[in-house]
Amino acid sequence: MELKQTKMKLFNLFLLSLLVSISSTAAFSAKVGVNYGTLGNNLPKPTKSIELIKTLKAKRVKLYNPDPDILNALNGTDIQVSIMVPNEIISNMSTNQTMANEWVRNNLVAYPHTLIRYLLVGNEILSYMGEADKKVWHDLVPAMRKIQYALKTYDIHKVKVGTTMAMDVLESSFPPSNGTFRSDIAIPVIKPLLQFLKKTKSFFFVDCYPYFVWSQSYKTVNLDYALFKGGVNYTDPVSSLTYTNMLDQMLDAVHFAMKKVGFPDTRIWIAETGWPNGCDVDQIGASAYNAATYNRNLIQRLNAKPAVGTPAMPGAVLPTFIFALYNENQKGGPGTERHWGLLYPNGSNVYPLDLTGQTPISSYPSLPEPDNNEPYKGKIWCVLAKGANMTLLSDAVTYACGQGNGTCDAIQPGGKCYKPNLLILHASYVFSSYWSQYQSQGGTCFFNGLAVQTSKDPSHGSCKFPSVTLS
C-alpha cells in the first residue's frame, strides 16, 4: 500500500511538473515581438508607437537604447520589453561594477511598472573587426557578468541577460551540420559566453536574415525556399536532416556550432529577422509582397502548437523579434536598410500582419506581385529624393563637386545643364554625375538621404545626365 501511494505521489508530481512545463511553454511560444528602431526624423511619438504595436498584437518589443519616453509609454502595458546596453560603454562597464549598478538603476529599476524582461549587452559586437573593436570582444562577457551582478544587487530575478550576434560569427554554415564558430572567437569569446548563458538560463540571441542569403545567391538559392513557400527541400549529407526553408537551415548551423564547443542545449532566440519591403533599383527581391509572404509564413510557424522547432531542434520554442516596426529614413547604406518596416511612419500598414498568427493567411488582402525578383538590367540614375531636407542640399552638392573629375562642369555657367539655374535641378545632375564615376569604387547614391536611384532618365534637352549601367 505504501509503495503504491509513493508511486502515485511520484506520478502526480511528474504530472504536475509536466503540466506546468506545457503551460509555460505554450505561454512563452505565443509572444512574437517586434524591433522598435528610431532612426527616422518622421516617426510617431512613443505613446502613439506603443498603441500601434498593440494593433500588431505584439507581446514583446526590443529597443536599441533605453529611451525614457518609450519606457514610460510602455508603463502599465503587458508588453515584455528588451533593452540594450550601448556598444560604446561595454569596455568601461566590464571593469566597473558601480557603473553597471548605476546603469541598471537608471534604466531598469527606475521603471517598476514597465515589464523589462531582457537586457542585451551590446549589438552584434563580434561583427566589428577593427583593433579597438577586438578589445571590446574580450570585454563583452565580463560586462555581462557585471550587469548580472547588478540585477542581483537590486534583487531582480526575472530579467535575462544576453547579447546579439549576427550570422557572421560563423566561419562555416553549410551544410548546417558543418556550422562552426570563427576561430578568432570560438574559444576566447563564444565559449565563456555560452557558459554564462547556461549558468543564467538565458538565450543565444542571433540576427538571422534569409533575405541576405538569397539575394547574394539568387541563382542557386530558390526564392520559395527562403519565403517558406514549400516545394523545395534540402537534405544535409552529414546529418541526413531534411530542410524545407532557409531560416531553419541557418538556425541549425548556429545550433551545430554551439554543439561543437560543448553547448548543444543552449536555447536560441531570433533577435532580428524579416524581409525588406523596398529597395534600390540595383537590388533585388525587396517588396511588400515578398515581405508579407515571409513574415506571415514565419509567424504561422512560430505560433504553431505544438512548437515546430527546426530539424536539429524539433519542438524547440523559438522566441522572435520581427525587424522592424517602421521604415526608418535616416538609416544609411543601400535602400533595403530603410525599408524593413511593418508600418510606414504615418502609422499605416505596409501590409497587414497579426503577430499572434491567429489571422489565416488566406484572409489577408492580395498584394501586387513583385517585378524585381530578378536583377534589373539597364541604366540607372541618381536624383534628388522626394521630401529631401533642402537645408542640407547645398553641402551635399559642394561635397560631390569637390571630388573633381569634371563632376560638376555641366552645371557651371555656359554648361549644358546650367539652366534653369536652380539648386534642386543642379543637385540631381550632380548626384548622377558623382555616382556614375564613383559607384565602382564604393560611392553610393544616398547623400545622407537626399538622393535616390531611378530607372527613369531625368535628362532634358541637351542636358544629358550620366548614368550607371547594369547588365
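The values are calculated or read from the model by the stated rules, or taken from the named source; none is laboratory data. These numbers come from a predicted model, not from an experiment. Don't worry about glycine lacking a Cβ; one is built from the backbone with ideal geometry, like all the others, and counts go over all protein chains shown. Side chains included, ligands, DNA and RNA excluded: accessible areas come from the protein's heavy atoms. Shrake-Rupley method; radii C 1.70, N 1.55, O 1.52, S 1.80 Å.
General remarks:
Conditions (1) modelled with pLDDT of 95 or more; (2) part of a helix (DSSP H, G or I); (3) open to solvent by less than 60 Å² (accessible area, probe 1.4 Å); (4) within 18 Å of Ala312 (Cβ to Cβ), marked per residue:
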{"residue": "Pro188", "(1), (2), (3), (4)": "yes, yes, no, no"}
{"residue": "Lys191", "(1), (2), (3), (4)": "yes, yes, no, no"}
{"residue": "Val206", "(1), (2), (3), (4)": "yes, no, yes, yes"}
{"residue": "Trp214", "(1), (2), (3), (4)": "yes, yes, yes, no"}
{"residue": "Thr220", "(1), (2), (3), (4)": "yes, no, no, no"}
{"residue": "Asp224", "(1), (2), (3), (4)": "yes, yes, yes, no"}
{"residue": "Lys229", "(1), (2), (3), (4)": "yes, no, no, no"}
{"residue": "Leu247", "(1), (2), (3), (4)": "yes, yes, yes, yes"}
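- Which listed residue, of Ile70, Ile89, is open to solvent by less than 10 Å² (accessible area, probe 1.4 Å), part of a helix (DSSP H, G or I) and under 30 Å from Gly449 (Cβ atoms): Ile70
- Checking each residue in the stretch 323-340 for being of a type in the set (Gly, Ala, Ser) and more than 12 Å from Cys279 (Cα to Cα) picks out Ala324, Gly332.
- Single residue of Gly341, Gly333 found to be part of a loop (DSSP other than H, G, I, E, B) and at pLDDT below 95: Gly333
- Per the listing Ser363, Ser394, Ser440, the residue uniquely out of contact with any His (no Cβ under 8 Å at 6 or more places or on another chain), at pLDDT 95 or above and either closer than 26 Å to Glu337 by Cα or among the small types (Gly, Ala, Ser) (or both) is Ser363.
- Long-range neighbours under 9 Å by Cβ, at least six apart or interchain, first residue basic (Lys, Arg) within the stretch 214-234, second surrounded by 15 or more Cβ atoms within 10 Å (Cβ to Cβ) and part of a helix (DSSP H, G or I): Lys229/Leu223; Lys229/Thr293; Lys229/Asn297
- Within the option set Pro276, Pro311, being in contact (Cβ under 8 Å) with a residue 24 or more places away in the chain, in a loop (DSSP other than H, G, I, E, B), surrounded by fewer than 23 Cβ atoms within 10 Å (Cβ to Cβ) and touching an Asp or Glu at 6+ places or on another chain (Cβ under 9 Å) holds for one residue only, Pro311.
- The stretch 92-113, subset touching a Pro at 6+ places or on another chain (Cβ under 9 Å) and farther than 18 Å from Val159 by Cβ, residue surrounded by the most Cβ atoms within 10 Å (Cβ to Cβ): Ser94
- Identity of the residue in the stretch 422-471, open to solvent by less than 40 Å² (accessible area, probe 1.4 Å), aliphatic (A, V, I, L, M) and free of Cβ contacts under 8 Å to residues at least 60 places away in the same chain, that ends up nearest to Gly404 (Cα to Cα): Val430
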